[in-house]
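Some notes on the structure that comes next.
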Amino acid sequence: MNFFKKIKHIHFVGIGGAGMIGIARLLLQKGYKVSGSDIHESYELKKIKKEGVKVFLGHSKLNIKSANLIVVSSAIDKKNPEILEGIKNGITIIPRAEMLGSIMQGYESIAIAGSHGKTTTTSMIAKIFSSADLSPTYVVGGKVLSTDENSDLGKGNYLIAEADESDGSFSHLNPDVAVLTNIDDDHLVHYDNNFENLLDAFIKFSENVPFYGYMIMNIDDKNIKKIAKRISRKQITFGKTKKADFQILNTFYNNGLQNFDINDNQRNKKYSFSIQQPGVHNIFNATASIAVSIEEGLPINAIKKGLKEFTGVGRRYEKHEINFDLNKKILIDDYGHHPIEILSNINACREEFPKKKICMIFQPHRFSRTAQLFDDFVKILKKVDSLILLDIYAASEKPIKGIDSRTIVESIKQLGHKDTLYVKNHSDVIEIINSKSNKFDILITQGAGSVSSVCELIKNKWKK
């Protein structure tokens, strides 16, 4: 299907971003000429370059030569030379979400939104629909471990996509089905540090669902409950409460599997499910996926199979085995950078490894988030046995006076947690870990910035 008949060459500014590279891959698979630029090389960029995308390292007005359309990441400065050159030449420039919204046209579309869990939930739904032989097209903000990709052009009628609220751009999407996992106080800088503005954005996104569509909503979430009465679309709920249409019951973890029951209170039916991912938050992610799948008429056996075979998403509680002098330890790499996400990860680790000691290497993400949630970070981070803190990853923000990793470390020490350390250089982490290897069983690299490179250093040093 040729969606944009007069468009031949599409250029992505900031193509290496998680939300950008998946869309670029889809358009390449659809037959468009695709190019893009970014400031850093990565495994994903090398891969998509081999697939046929022309990738430029660094930004230059020469990069957009022959482009008919420019797609821009929200992280890109408006004074970027490629954007300025595009404006000068009269080339249409659109945000990433508007391109995703255009691709959605012609599909039966499902969009997953929320402060936490949307990448995992999107990937779970895609896996279930694949297990039902529906060959869905999907776009997620992380690498699906079973495919090593964050997007795929399927042959079926469904498109399943993650909807990003961080810059408000999810208002460009008009899905047939929308999922709300939860709403929390994150990405408030875009919303003038006003939580009510964030809630209004979720309402606007929900109202984009057509009259014949429906919402899947976590009714246990206090902020979703707060806005539910202001959403006019059909609402189907999930949660632990008896009032939920899909009620979570009888959860327990055993032999590497998390087991739980679902009461379908609309149809008066009960089902049992198992997933490989620990943590209560993943039961909620799975239940949202189950609700969508049942509402879309998928067979229960396919839903059970898809969930049980789902191996996870890259950097979402991604496990590796490493060896310290033949002493096997577990390395967990996780993208979570909000206190609630970090706590969910710690709790999941405690559930799977109840008697093991945890050492976490954490890199705070954005000065604004660290300032806004400083006390919450201190409260959560002191729960691990050992803590190594890296400098705050700025993500293009300017520093805020008095907000830095050293201050977090001192605040945690004042609460009596002595095994807390600030480290400036990523490379120094290796020597520190080696010196205290007898003090931990589980090593966690946590955060959304460059801390993933520390995980790679550790894997390369002590790979099994």
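The values are calculated or read from the model by the stated rules, or taken from the named source; none is laboratory data. As the structure is a prediction and not an experimental result, all values here were calculated from the model. Virtual Cβ from ideal backbone geometry, glycine too; neighbours counted across all protein chains shown. Ligands, DNA and RNA are excluded from the accessible area calculation, which covers all protein heavy atoms including side chains. Shrake-Rupley method; radii C 1.70, N 1.55, O 1.52, S 1.80 Å.
Here are a few things to note about the model shown:
- Taking label points 7 Å from Cα along the Cα-to-Cβ direction, Lys308 and Asn268 give a separation of 2.8 nm.
- Carbon/sulfur fraction of accessible area - the chain, other protein chains in place, 1.4 Å, %: 49
- Computed label-point distance, nm, for sites Ile432 and Glu321 using a 7 Å Cα→Cβ extension: 2.8
- Normalised contact order of the stretch 407-464, rounded percent, pairs of Cα under 8 Å and 6 or more residues apart: 26
- Whole-number accessible area per residue in Å² for the chain, which is evaluated in the context of all protein chains at 1.4 Å: 44
- Heavy-atom SASA rank of Leu173, Leu421 (probe 1.4 Å, accessible area, largest first): Leu421, Leu173
- Remark: for residue pairs Lys269/Lys383; Lys240/Lys439; Lys118/Lys383; Lys118/Lys270; Lys319/Lys439; Lys204/Lys243, the C-alpha separation exceeds 30 Å in Lys269/Lys383; Lys240/Lys439.
- Relative contact order of the chain: 11 percent, from C-alpha pairs under 8 Å at least 6 residues apart in sequence.
- Test item: Cα-centred dipole of the stretch 289-433, Lys/Arg +1 and Asp/Glu -1 on Cβ, debye: 280
- Solvent-accessible area of Arg369, all protein chains in place: 10 Å² (probe radius 1.4 Å, heavy atoms, ligands and nucleic acids excluded).
- Cα gyration tensor shape of the stretch 68-181, rounded if a/c is under 1.5, else prolate or oblate by comparing a/b with b/c: prolate
- Computed Kirkwood radius, in angstrom, where 1/r is averaged over Cα pairs of the stretch 305-464: 16.0
- Rounded if a/c under 1.5, otherwise prolate or oblate - the stretch 291-363, Cα gyration tensor axes: prolate
- Distant-in-sequence amide H partners of Glu149 (H built 1.01 Å from N, under 5 Å): Val144
- Rounded to the nearest 20 debye, the dipole magnitude of the chain is 500 debye, with +1 charges on Lys and Arg beta carbons, -1 on Asp and Glu beta carbons, and the Cα centre as origin.
- The shape of the chain can be summarised by an equivalent ellipsoid whose semi-axes, obtained from the alpha carbon gyration tensor, come to 33, 30, 22 Å from longest to shortest.
- Filtered trypsin sites (Lys or Arg not before Pro), the stretch 101-195: DSSP coil and at most 10 other beta carbons within 10 Å: Lys155
- Extending 7 Å from the Cα toward the beta-carbon at both Lys46 and Ser146 defines two label points whose distance is 2.7 nm.
- The Cα atoms of the stretch 362-453 give a gyration tensor whose axes a ≥ b ≥ c have a/c of 1.5 or more with a/b no greater than b/c, which makes the shape oblate.
- The stretch 3-47: relative contact order in percent, alpha carbon pairs under 8 Å with at least 6 residues between: 47
- When the surface is traced with a 1.4 Å probe over the full set of protein chains, Leu145 keeps roughly 60 Å² accessible.
- Ligands, DNA and RNA excluded, the heavy atoms of Arg316 present near 60 Å² of accessible surface to a 1.4 Å solvent probe.
- Relative counts (whole %) of C-alpha pair distances in the stretch 1-125, using bins that are 10 Å wide: 12, 45, 34, 9, 0
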